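Asks: The structure under discussion is supplied below as structure tokens; questions concerning it will follow.
The values are calculated or read from the model by the stated rules, or taken from the named source; none is laboratory data. Note that the coordinates shown come from a computational prediction; the quantities given were computed from them, not determined experimentally. All Cβ positions, even for glycine, are placed from backbone atoms using ideal geometry, and neighbour counts span all protein chains on display.
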Amino acid sequence: MHSSSSAPMSRVGLVVSLLVCSTMWSSGYLFMKLAAGASVWVMASSRALIAVACIVAVFLAMGRDPRPRSHEIVPWLVLGTFNGWLPNIMTAEALTMISAGLGSMIQAIGPIMVALMAHFSLPDERLTLRRTVGVLVGFAGMAVLVGPSAWSEPAGSLIGIGLMLLVSLSYAFGNIYARALRDIPAVRLALGQQAVSALASTIVTVAFVGRPALGQIVDHAPALLGLGLIATAVPITIFMTLIQRAGTTQAAMIGYLIPVWATLLAVIFLGETVGLREIAGALVILAGVWIVTNAPPGAVRPATA
């Protein structure tokens, strides 16, 4: 029998969840740019610490025990690494070399990685014709959005580009792994992921930054708070629910939406400009998302246990 966390999700619920989650998650690029004066280690640890504190507070308020159970330890460690501290640190480091917009655009390759990995590792997530078309359309939109001009940045930015590709690969592996964890509620996966991420990144921060980390946290408190709460705690819980109820391929379409919202936020808050190419790319991306999420009449079918 499926738990409530793996109950079918309606098409409307899927689209709304994708939009809300991708919008909040994309704000992370903005908050990391606003907290640029802090080290990448401080950003990663603060992000995870704030996120896990928020999730634990919700658990306690609901009278639930946030402590890990024996069968959750390994999943928490895996997700905390591949969906937590490792990509968080790589992303923060990459954004010291490339723009927030370019970073989010490169990460949009994630759905391609997820779809291909899911096709070979999850029997119930084979690439149907509709999903294949939707993924390819989304990828084409990303290519339009990035455009030739995005690759004309300084040669040193190649390291940042490479880091963002590794971030996408790390998330893809973590998402495929999370899909197989149907006996663990999504909210507990989010809790464990952030708990391990917080512990690991804090240890690294203490080792590499030390006492000055406290001053950096105070100086950039608003941006770090937004990074941990708005861009991490809430969207990661929504995303884990999407993985369990809609599947990894459809949940991964968030990766195509993030560049759209990240670019919009950069325009509004960082003064970046958007041209016809960006608008066209965003429209093509949204078309790809619609194709993938446009399931047959009825609810989106979850995987069968």
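Asks: Filter the stretch 23-45 down to the residues that are closer than 15 Å to residue 85 by Cα and buried (at least 21 other Cβ atoms within 10 Å of the Cβ), then identify the one that is nearest to the chain's Cα centre (by Cα).
Replies: The extreme case among them is 28.
Asks: Could you say which residue among 207, 221 is in contact with a Phe, Trp or Tyr (Cβ under 9 Å, 6 or more places away or on another chain) and without any contact (Cβ under 8 Å) to a residue 12 or more places away in the chain?
Replies: 207
Asks: With respect to residue 246, determine if the residue is touching a strand residue (DSSP E or B) at 6+ places or on another chain (Cβ under 6 Å), crowded, with 18+ Cβ neighbours inside 10 Å and modelled with pLDDT of 80 or more.
Replies: In short, yes.
Asks: For the subset of the stretch 214-232 comprising residues that are within 23 Å of the chain's Cα centre (by Cα) and more than 24 Å from residue 191 (Cβ to Cβ), which member is surrounded by the fewest Cβ atoms within 10 Å (Cβ to Cβ)?
Replies: Step by step, filter the stretch 214-232, then rank; the result is 222.
Asks: If I ask for residues that are within 12 Å of residue 213 (Cα to Cα) and in a helix (DSSP H, G or I), which ones from the stretch 30-46 would you list?
Replies: Scanning the stretch 30-46 gives 40, 41, 42, 43, 44, 45, 46.
Asks: Here is a further query. Kindly evaluate residue 68 against the criterion of being modelled with pLDDT of 85 or more and either within 22 Å of residue 196 (Cα to Cα) or within 20 Å of the chain's Cα centre (by Cα) (or both).
Replies: Yes, satisfied.
Asks: Within the stretch 199-225, track down each residue that is touching a Gly at 6+ places or on another chain (Cβ under 8 Å) and over 11 Å from residue 85 (Cβ atoms).
Replies: Those that are touching a Gly at 6+ places or on another chain (Cβ under 8 Å) and over 11 Å from residue 85 (Cβ atoms): 216, 219, 220.
Asks: Kindly provide the set of residues from the stretch 85-116 that are surrounded by fewer than 20 Cβ atoms within 10 Å (Cβ to Cβ) and either at pLDDT 80 or above or basic (Lys, Arg) (or both), ordered by number.
Replies: Hits for the stretch 85-116 are 93, 96, 97.
Asks: Quick check on this structure: which one of 266, 282 is hydrophobic (A, V, I, L, M, F, W, C), touching an Asp or Glu at 6+ places or on another chain (Cβ under 6 Å) and part of a helix (DSSP H, G or I)?
Replies: 266
Asks: Cβ-Cβ distance below 7 Å, separation of 6 or more or different chains: which pairs start in the stretch 173-198 with a residue that is more than 12 Å from residue 81 (Cβ to Cβ) and end on one that is acidic (Asp, Glu) and in a helix (DSSP H, G or I)?
Replies: Matching pairs, first to second residue: 184/72; 188/72.
Asks: Please go through the stretch 248-284 and give me each residue that is aliphatic (A, V, I, L, M), in contact with a helix residue (DSSP H, G or I) (Cβ under 6 Å, 6 or more places away or on another chain) and under 19 Å from residue 29 (Cα atoms), ordered by number.
Replies: 252, 253, 254, 257, 258, 260, 262, 265, 266, 274, 282, listed by residue number.
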